[in-house]
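Q: A single structure is presented below for examination.
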Amino acid sequence: MRNSVLEARTRLGWSQQRLADELGVSRQTVISIERGRFDPSLPLAFRIAAVFEARIEELFFPGDA
Amino acid sequence: MGDGVARSRWGRSRLGGGRWSALAVALLIGVVLAAGFGALAAATGVVADHPLLGGVVFAVCTVGPCAALGYLLVVDRDTIAGATRRPEESVESGWYERAAAGALGDIVVLAGLTLVVATFVPAIADLPLRLVLVVLIGVAAASCALRYLVARRKG
């Protein structure tokens, strides 16, 4: 699954740690998601979308990273 | 995180409403458990010639694992500095689950192969059960640790 989490995060000027704290996960999790090496669970994907005030399909799309 | 919870390196104990250090409680539990194991070893004659010395050595050797077990039981992870609120959704949880599943597969394969070999080599079938169990646990731990490290390296 591809995603635009990195672009959304940098748009807000947030660090990876800030996003990790907002989501309640480790910084490594944010790193892995941004690199497309870890597909988040559906609840986590929804929280990511909520944090960025976006729809889930605006952040995550099918296909390899 | 900013939820007003006081955090420390080792966290606070769930027992006593968070007033006590988890490490101190765990050490206390470890000493009590280890003393119990030591007394059991002395009573059951694990070291037949020197039961008292054997019991003390047994207690000294088990105090570390017993304290670690105590820590796992009593620590309130919300009070550990750097702990995430949702560890089950973090990538590390996925790494661990894959490593544990792989280690289980390794154990099944190893046990199966050992059983086949033991069928044809009686000397293996006569190995002490304690040695077999120690090897089994060692292989499981090593496999899980190695698989976790590989998964972490891949990111």
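Q: With only Lys, Arg, Asp and Glu charged, each at its Cβ (+1 for the first two, -1 for the last two), find how big the charge dipole of chain A is about the Cα centre; round to the nearest 20 debye.
A: For chain A, the charge dipole is close to 160 debye.
Q: Is the shape of chain A rounded, prolate or oblate, going by the alpha carbon gyration tensor and its root eigenvalues a ≥ b ≥ c, with a/c under 1.5 for rounded and a/b larger than b/c for prolate?
A: In terms of gyration-tensor shape, rounded.
Q: Also: What FRET efficiency comes out for B:LEU40 versus B:ALA140 if R0 is 35 angstrom and r is the Cβ-Cβ distance? Round to the nearest 0.05.
A: Step by step, r from the Cβ atoms, then E = 0.90.
Q: Also, quick follow-up: Cα centroid distance between region B:29-87 and region A:27-57, in Å?
A: Using only Cα atoms, the two centres lie 41 Å from each other.
Q: Based on DSSP H runs of at least 4 residues, each adding -39500 (n - 2.57), what is the mean residue ellipticity at 222 nm of chain A after dividing by all its residues, to the nearest 500 deg cm²/dmol?
A: The helix-only estimate for chain A comes to -15500 deg cm²/dmol at 222 nm.
Q: Rank the residues B:LEU110, A:LEU23 as a footprinting-exposure proxy: fewest other Cβ atoms within 10 Å of their Cβ go first.
A: In order of increasing Cβ crowding within 10 Å: B:LEU110, A:LEU23.
Q: Based on the alpha-carbon gyration tensor of region B:87-154 and its eigenvalue square roots a ≥ b ≥ c, which shape applies: rounded if a/c is under 1.5, prolate if not and a/b is larger than b/c, or oblate?
A: Note, shape of region B:87-154 comes out prolate.
Q: Could I ask something else about it? What is the mean number of Cβ atoms from other protein chains located within 10 Å of the Cβ atom of each residue in peptide A:19-32, rounded to a whole number?
A: So the per-residue partner count for this stretch is 5.
Laboratory data are not the source of any read-out in this text; all were calculated from the coordinates shown. All of these numbers come straight from a predicted model, not from anything done at the bench. When we count neighbours, we look across all protein chains shown, and the Cβ atoms used for this are built from the backbone with ideal geometry, even at glycine.
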